[in-house]
Amino acid sequence: MEITEYLRVAVENGASDLFIVAGGPVSYKVKGAIRSVDGEKIFPQEAERLIRALYQEAGRDIGRYLQSGDDDFSFAIGGLARFRVNTYRQRGSMAAVVRVVAFDIPDWRSLHIPEEVMALAEVDHGMVLVTGTAGSGKSTTQACIIDRINKTRSCHVITLEDPIEYLHRDQKSIISQREIAIDTENYLTALRACLRQAPDVILLGEMRDHETIRTAMTAAETGHLLIATLHTNGAVNTIDRIIDSFPPAQQGQIRIQLSTVLHTVVSQQLIPGVDGGMVPAYEIMHMNSAIKSLIRDSKSHQIDNAIASGGAEGMLSMDQSILNLCKAGLIDRDTALGYAVNAEQMKRRIG
């Protein structure tokens, strides 16, 4: 089969990812289960042929991948879908995981994204962080927020992505989408340049080092809305990760700066639903005076209690979100208990 046939099978079956790994059949993941396309194992030569075909479809030079052993890029096939590709080496052979991305921004209601998250599109300055493990839906949540900004506000939105997944068409806003390594050298260079491009909203694909984090906080401090991602679970881990990325001598200053610029941390995970699909659960932490003090005083371990008691301010704990999903019939009781932070308390609350 040609690579376009494999991609078409993945799209037609509603797959989230396509796997090309020598030693096994080309497979795809749908509703959390991995299925083989045709059952035939592929050898390293066939894996290489398919991966080279991906590069041809994308019009991308394969040299970077051959040199480093890892690469990220995206491309589209008209009438089918967009695809985000990660190529890598394993056991000395070429391999790839291809993420299927719909052309249109998905409807946030169908994805069960709560209105409290979508309301972040109304924030006009400060730092909003969307966090979670790889594959937890952060990029989709960000895309939905940017889409609402595009539909409701007159802004210049600059996105810095690696690679670009969702394409935004200008509506009320102007959307400038920049892809790392194609449109600009790296996140830090792009972010520094971005501040001279009259942005109202900046979407930063990932904060990878303390220099990028520092520049992002400065951007948020100077009146922009900056939306960024981190691969962390929960607001507490996110705050600790940011502060720990700096040398000890600078951490006191960073705590003060972070307590000033941070607006919201949204942490999400995907949980198996009763219909066989995946449903997102969210923790939402908005900054208030109590949480600002906890960050400044290095007492971030107490933030979970502040979130749990902050429902009136729009905050949501992960366990409350999971309980809401269970009560709505989107996940079953065992799943709720399995994913709960405090399983004993969840058991009592479910009843």
| message | Could you tell me the center-to-center distance, by alpha carbons, between region 5-72 and region 144-165 in angstrom? | response | 29 Å
| Semi-axes of the chain's equivalent ellipsoid from the Cα gyration tensor, sqrt of 5 times each eigenvalue, largest first, rounded to whole Å? | 34, 26, 19
| In what order do Asp240, Asp319 fall by count of nearby beta-carbon atoms within 10 Å, going from fewest to most? | Asp240, Asp319
| query | What does the convex hull of the Cα atoms come to per residue for region 115-316, in Å³? | reply | 125 Å³
| query | Nearest 10 degrees, 0 to 90: what angle lies between the long axis of helix 138-152 and the longest principal axis of the chain (Cα atoms)? | reply | 70 degrees
| query | Which net charge results when you count Lys and Arg as +1 and Asp and Glu as -1 among the other residues whose beta-carbon is under 14 Å from that of Tyr282? | reply | -3
| request: Report the longest stretch of the chain that contains none of the GluC sites (Glu not before Pro) sitting in a DSSP loop with at most 13 other Cβ atoms within 10 Å. | output: 3-184
| Footprinting exposure proxy for Arg348, Arg49 (fewest neighbouring C-beta atoms within 10 Å first) | Arg348, Arg49
| Nearest 10 degrees, 0 to 90: helix 234-244 Cα axis against the chain principal axis | 90 degrees
| field | Charge context of Ser259, other residues only, Cβ under 13 angstrom, K/R +1, D/E -1 | value | +2
| query | For region 3-101, with equal point scatterers placed on the C-alpha atoms only and solvent neglected, what are the log10 I(q)/I(0) values from the Debye formula at q = 0.23, 0.25 1/Å, to two decimals? | reply | -1.28, -1.47
| remark: Here the residues of region 1-23 lying in the modelled label zone of Gln45, meaning backbone nitrogen under 19 Å from a point 7 Å along Cα-to-Cβ, are 1-3, 21-23
| said: Assuming 0.36 nm per residue, please report the length gained on full extension of the stretch Ser176 to Lys347 beyond their Cα-Cα distance. | reply: 56.8 nm
| query | Is there a pair in Lys29/Lys327; Lys31/Lys327; Lys327/Lys347; Lys138/Lys292 whose C-alpha atoms are over 23 Å apart, and which pairs would that be? | reply | Lys29/Lys327; Lys138/Lys292
| note | Phi-derived 3J(HN,Hα) across region 308-315 with the Karplus relation (6.51, -1.76, 1.60, θ = phi - 60°), rounded Hz, x for Gly and Pro, is 4, 9, x, x, 5, 9, x, 7
| message | As I understand it, the dipole of the chain uses +1 on the Cβ of Lys and Arg and -1 on the Cβ of Asp and Glu, about the Cα centre. Which of Tyr65, Ala143, His112 lies farthest toward its positive end? | response | His112
| said: Tell me the net charge near Asn237. Cut-off is 11 Å between Cβ atoms, Asn237 excluded, with +1 for each Lys or Arg and -1 for each Asp or Glu. | reply: -3
| Efficiency of FRET between Lys292 and Arg208 - r from beta-carbon atoms, R0 22 angstrom, step 0.05 | 0.30
| Exposure proxy ranking, count of Cβ atoms within 10 Å, fewest first, for Lys172, Lys292 | Lys172, Lys292
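Throughout, read-outs are computed from the coordinates displayed, never taken from laboratory work. Please read all numbers here as calculations on a predicted model, not as lab measurements. Here Cβ is always computed from backbone atoms with ideal geometry, including for glycine, and neighbour counts include all displayed protein chains.
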